[in-house]
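Data block below; observations after.
The values are calculated or read from the model by the stated rules, or taken from the named source; none is laboratory data. Note that the structure is a prediction, hence the values are computed from the model and not measured. Ideal geometry is used to build each Cβ from the backbone, glycine not excepted, and the neighbour counts take in all protein chains shown. To get the accessible areas, we keep the full protein, side chains included, count just its heavy atoms, and leave off ligands, DNA and RNA. Shrake-Rupley method; radii C 1.70, N 1.55, O 1.52, S 1.80 Å.
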Amino acid sequence: MHIQANTNKTGVFHIKESIIFASRKDFTKQTHTMMKKKITALLVGIFTMVISGYSQTLSVTFTATPSVICPGDTVKFTNTTINYPKSWTWYMPGSSIPYFIDTVANSSGNPPPVTYKYSGRYYVTCAVKNVGGYDSVTVLNCVTVLPAPTAIIMPPSGGICDTSPKGKALDTVFFSLRDTTRGNKYFWAPSNSLTCNTCKDPGAFPSTFPTTTVVYTLSIVGIDGCKAFAFDTVTVGKIVAKISGKDSICAGYSDTLIASGGSEGGSNKSSKNPQTTYLWSNGATTSSIVISPKITTSYTVTIISGLGTCTSQDTVTVYVFPKPKYTLTFFRDSICNPGSITDVASPGGEFPYQYYWYGSPYGGIDTDALPIASQGSGAYTLTYTLVVRNIGCYVDTIVKVKVNSPPNVYFTGPTDLCKGSQATITAYGGLQYHWDNGATTSAINITGVVTKTYTVQVRAGQCFKDTSFTVHVDTMPTFVFKGDTSICQGQLDTIYAYNPHAYGYQYLWNTGSTLDYIATGSLVGSQSYYLTISKGACSKDSSEITVKVYPRPTPHEHPDSITVCQYDSVTLVATGGNYYTWAPKPMGLNHYLFYGDTDRNKAAPPPGTTRYFLRTCTWGCCDTDTLVLNVTAGVASYSVCCNATVSSGTPVQLNATYASGSSYYEVEGWSPSTGLSCTNCPNPIATVDSTTKYVVTFINTFTGCTVEDSVTIDILNCNVFVPNVFSPNDDGVNDYLYVRSLCVKSMDFSVFDRWGNKVFETQHQDQPWDGTYKGKKMEVGTFVWYLTALLSDGTHVTKSGNVTLVR
């Protein structure tokens, strides 16, 4: 049974159905072998476990060997990715294997060796997967293919026909080079029949006069170290005519056809043979001709040796193809950095075309559509060479794409604006501007309504940048002052700038304070304060707020502490302020609220000591004073009895009483003395003809304190009276007709109109006539009334009279 597990950073092996915990300490101090032994020992007898741990984080790396080569050389790519990769995908554009994928688990992940044909710089991409995910890396300029030299030996495949009777060659073959590029060193072989084997300067190339057929080799080493080879065969005893040149040509182009195969004996000053003769089908007699055919044409040359001994002929057909026609399509010829475009080459003829792009970082890429991307920061020009080839022709052109830096946009204008205010926002860094409100100028005017983001597209040539500018709109701060604006001299005060939603407010008082309140300290005189309050771009100056300072009062009570008798009335006088309150509240409070007046009160304190507190205020400033009254005891529990209502001359018993058990309490006297049986006894008899109020004076003979009380005898008046006019008009005055008497015990009262109709009757003295009859108001006029009554003294009364009703 095989169980695959992985290890995470916490040191926990996750197995399909089991979890084995191991601490990080165990992982760091024990080898993998030791750990495996412990796990095996733990599970012995149950199952055998193979733990293969892997990390899920890939780190893709690879090497290219060698990374700098010559055309045709081989490069080997070696995967060095760690953390257990499972499959690889390689992309090697321009190589002999541009694309390679390996999906075989646990393989090496290396592609086969590849070759590069064309010079240039090539990028390589390697993408790797494992069970934990995917990662890839692209290496630009990973492989550099150096340019190689090229050369053609002239004359190619030549020969020597004419010989002396002894069989020796009479002619000498002179070598030369054509189309040599980037050559630096030349090595000719075999060297035993050449005049030199390392000649490289024009006019000093080697010559030969072989006696047998020889194959000559030229090795060329370029300035970058790359090599090229050229071969030439020189025969003896015959000539082989050969035409060198292109076998196809573009219409309108020119080419040179070169005839070779014979010796150029005439050019050897020591030679006695005449020069080789050349006869072309177009009539030319030179070894080379320049052709510019309009249609496919065959050209034949006949070569005759100098002595006419040898003759050879060769024919070449030069095919004429139309010049490639193509369309190079750009979305635009410049891009912004970073950015990319795709250049598309479209064919314009009936032949199959090939397209080769040359330029960093691609080297040579065979494609009709080339994606071109910026290669770094800054502004620069990317240059590519496009070669378009059909069957026999090719044309090349230079493609340039300008990479521009995007505009560096910056703004001027307020980032905070007060609601309702106007401002200007200006964008810089471009040539054209387009705002989200349609404006195409660099500056726009705005009015603060709400916080808003203004978007603008800024262009500089083909480059543009979308950016924005946010203006926060603030509302004008609102607040009210809270605190006492009137204080007393020497008091402390705090004035608040209050707003329940004052978030983000800033404050500056004229004192320099930046808090939302100001503490006045102890003030001796009135003080004014100013506040500037701000919120973002909004600022508001407050009006003046003045804290008025009022002087404190100097309260004083009069009289000063004194001693009085119980039940005496003491006049208290307060000065030093304009408003006074007392505690406990004296009786008979007279309160004067005018400035400069005094507050005069009377106090009737209980026995003992009483402390009176005076609170005096002036303009809201208050202070206190204290007065102490010492009270001497008077007569306790005194009273007089009883009030009475009697007929004139009726005797009434009066009683003056006080608390028993005290030998000091006495009745000092009664007043007035009229009608009393005695004036200094506690129980006199009073006989009066009119209502009389008697005042009795009690005395505490020990303290000398007195107190008064009174009793009233009312004399009963039994007169019966009915008014002669009343006015029931609801004005609250004389609206009802009553029988008026203090002595009526029972009665019958009736009213008649002038026609003798009874309009009202009652047997109750407290039930009056309201001037109506059966719910209707009576007319103004005179009415007759009749009364029979029994009085409280037993007298019977019968009366009648007239009453006038007015409205």
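Listed values, structure above:
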{"item": "Rounded accessible area per residue of region 360-472, 1.4 Å, Å²", "result": "51"}
{"item": "Probe 1.4 Å - accessible area at ARG552, Å² to nearest ten", "result": "100"}
{"item": "Where LYS452, LYS745 fall by accessible area, highest first, once all protein chains stay in place (1.4 Å)", "result": "LYS745, LYS452"}
{"item": "TYR380/ALA519 FRET efficiency (R0 51 Å; Cβ-Cβ; nearest 0.05)", "result": "0.15"}
{"item": "Pairs of Cα atoms farther than 18 Å apart, region 720-784, %", "result": "35"}
{"item": "Label-point separation in nm, ASP255 to THR485, each point 7 Å along Cα→Cβ", "result": "10.9"}
{"item": "Potential extension, THR61-ASP396 segment - 0.36 nm per residue separation minus Cα distance", "result": "116.9 nm"}
{"item": "Spin-label pair ASN197/ASP73, simplified geometry with 7 Å Cα→Cβ offset, distance in nm", "result": "2.6"}
{"item": "Stokes-Einstein D for region 713-757, Kirkwood Rh over Cα pairs, 25 °C, 0.890 mPa s (µm²/s)", "result": "187"}
{"item": "23 Å Cα-Cα threshold exceeded, pairs from LYS294/LYS400; LYS117/LYS227; LYS419/LYS452; LYS242/LYS323; LYS117/LYS402; LYS76/LYS129", "result": "LYS294/LYS400; LYS242/LYS323; LYS117/LYS402"}
{"item": "Simple spin-label estimate for VAL215 and TRP755 in nanometres, 7 Å along Cα-Cβ", "result": "17.5"}
{"item": "For region 109-158, accessible area per residue (1.4 Å probe, heavy atoms of protein chains only), Å²", "result": "41"}
{"item": "Radius of gyration and maximum dimension Dmax of region 357-511, Cα, Å", "result": "30.4, 115"}
{"item": "Overall dimensions of region 108-147 by Cα: Rg and Dmax, Å", "result": "13.2, 43"}
{"item": "Distance from region 608-642 to region 294-321 (C-alpha centre basis), Å", "result": "157"}
{"item": "Whole-Å distance, taken between Cα centres, linking region 55-92 and region 427-455", "result": "52"}
{"item": "Share of carbon and sulfur in the accessible heavy-atom surface of region 434-500 [1.4 Å probe, %]", "result": "50"}
{"item": "Pairwise FRET efficiency - THR581 versus THR657, Cβ, R0 = 60 Å, nearest 0.05", "result": "0.95"}
{"item": "Share of carbon and sulfur in the accessible heavy-atom surface of region 615-726 [1.4 Å probe, %]", "result": "47"}
{"item": "20 °C / 1.002 mPa s Stokes-Einstein diffusion coefficient of region 750-804, Kirkwood radius on C-alpha pairs, µm²/s", "result": "173"}
{"item": "Cut-off under 5 Å, modelled amide H: who pairs with SER647 long-range", "result": "LEU716"}
{"item": "Å² per residue, accessible surface of region 609-654 at 1.4 Å", "result": "48"}
